[in-house]
Amino acid sequence: MSVQAAPLNLPLIDFSRFHAGPEERAHFLAELRQTLHRHGFFYLTGHGVDPKLIADVLAISKRFFALPLEEKLKIEMVKSPHFRGYNRAGYERTRGQQDWREQLDINTEGAAVEIGPDTPAWKRLIGPNQWPEALPDLRRLLLAYQAEVTRIGIDVLKAIAAALGQPEDAFAQIYEPQPSQLLKIIRYPGRDVAETDQGVGAHKDGGFVTVLLQDTVAGLRVQTEDGAWIDAPPVPGTFVINTGELLELATNGFVRADVHGVIAPPAGTERFSVAFFLGARYDATIPVIALPMELKRAERGVTVDPLNPIFREVGQNHLKSRLRSHPDVARAHHADLLSPEQWAGEAAGSAY
């Protein structure tokens, strides 16, 4: 199947230029700064990830989704209070509507925290992942890939800091020693299976940056500042990078966190992707960084969505998103945190 024949609607950025000589680096940072302000989305080349690892992760993802349903349901997310595991298509929601994709969510491996009456609620997110017994190689490959895209995400975050006139480690205080590392392998069934064309509904991502690996089937769309939708089809050898709400908060809107979504693929086809969301440390609070005056004049302020408020407290923000995206998990394990509306099934949802 051919991929990407049409002209690109989003910038293509070669990350190796960040480590080039002073003149090339300066041109790179100027290009990145313009992209962050206008789009928040771009294709990344020069990232240094082994193509074999990428191919292996896509291949084993397809093997996972091809497992019998009963095997996948052994690690169904509703069994995990930490929001880890497998979800059938239609079981995650964005703004209250079903997303037609099946997926496996993992995050930073850890031990569960004992929860008492005074424990911050976000500590419920910490815990072990669920792994399929029928596919033991999945754990090794996904954790290796998670480490690589964490490296990419942090390197891109350093470049973003430099492009904004800050020290490269400007954001380290809110992601060290352990950022959030949410990784999803995803399969979108065709429209002959999906009940709507909503692969994933329109949303913004909640973290610092997202590192998205697309296979060969298109579907990703990005909404521009003037409300138009543009396609972001797969480009071999690249990742799609987009900035999230944490950077919009930290820059008072100079950096865009673009609305985007995925259209279900045509009938008789399927779409695969691997999405990695680099977030801040759960106990961090997002500051507003002091931008140079020429950038500060271009700040737009933070987008306010009454259906999905953003908090500067990272753990609170992330827990809110998970509770709303996965109402079955919320009701099974976190009933004490739910409002009457959420109990009634009226949660707005977020795809993060």
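The figures follow:
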item	result
Matching residues, segment 263-283, being within 21 Å of VAL149 (Cα to Cα) and assigned to a strand (DSSP E or B)	ARG271, PHE272, SER273, VAL274, ALA275, PHE276, PHE277, LEU278, GLY279
Selection status of ALA218, more than 22 Å from LEU278 (Cα to Cα) and without any contact (Cβ under 8 Å) to a residue 12 or more places away in the chain	no
Near pairs, Cβ below 9 angstrom, 6+ apart or cross-chain, from segment 279-290 (free of Cβ contacts under 8 Å to residues at least 24 places away in the same chain) to any residue that is surrounded by fewer than 16 Cβ atoms within 10 Å (Cβ to Cβ) and not acidic (Asp, Glu)	ALA290/LYS296
Selection from segment 280-316 of residues that are buried (at least 19 other Cβ atoms within 10 Å of the Cβ) and either small (Gly, Ala, Ser) or touching a strand residue (DSSP E or B) at 6+ places or on another chain (Cβ under 9 Å) (or both)	ALA280, TYR282, ALA284, ILE286, ASN308, VAL314, GLY315
Breaking point among (1) of a type outside the set (D, E, K, R); (2) over 20 Å from the mean Cα position of the chain (by Cα); (3) assigned to a loop (DSSP other than H, G, I, E, B), for ALA162	(3)
Selection count, segment 77-111, where residues are touching a strand residue (DSSP E or B) at 6+ places or on another chain (Cβ under 6 Å), free of Cβ contacts under 8 Å to residues at least 60 places away in the same chain and more than 10 Å from GLN130 (Cβ to Cβ)	1
Residue in segment 86-109 that is crowded, with 16+ Cβ neighbours inside 10 Å, of a type in the set (A, V, I, L, M, F, W, C) and farther than 26 Å from GLU245 by Cα present	no
Among the residues listed as LEU10, LEU32, LEU36, the single one being at pLDDT below 95, buried (at least 21 other Cβ atoms within 10 Å of the Cβ) and either within 20 Å of the chain's Cα centre (by Cα) or outside any helix (DSSP H, G or I) (or both)	LEU10
Near pairs, Cβ below 8 angstrom, 6+ apart or cross-chain, from segment 230-251 (at positive phi) to any residue that is modelled with pLDDT of 95 or more and not basic (Lys, Arg)	GLY237/THR45; GLY237/PRO51
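The values are calculated or read from the model by the stated rules, or taken from the named source; none is laboratory data. This one's a predicted model, so the numbers in the text were calculated from it and none came from an experiment. Virtual Cβ from ideal backbone geometry, glycine too; neighbours counted across all protein chains shown.
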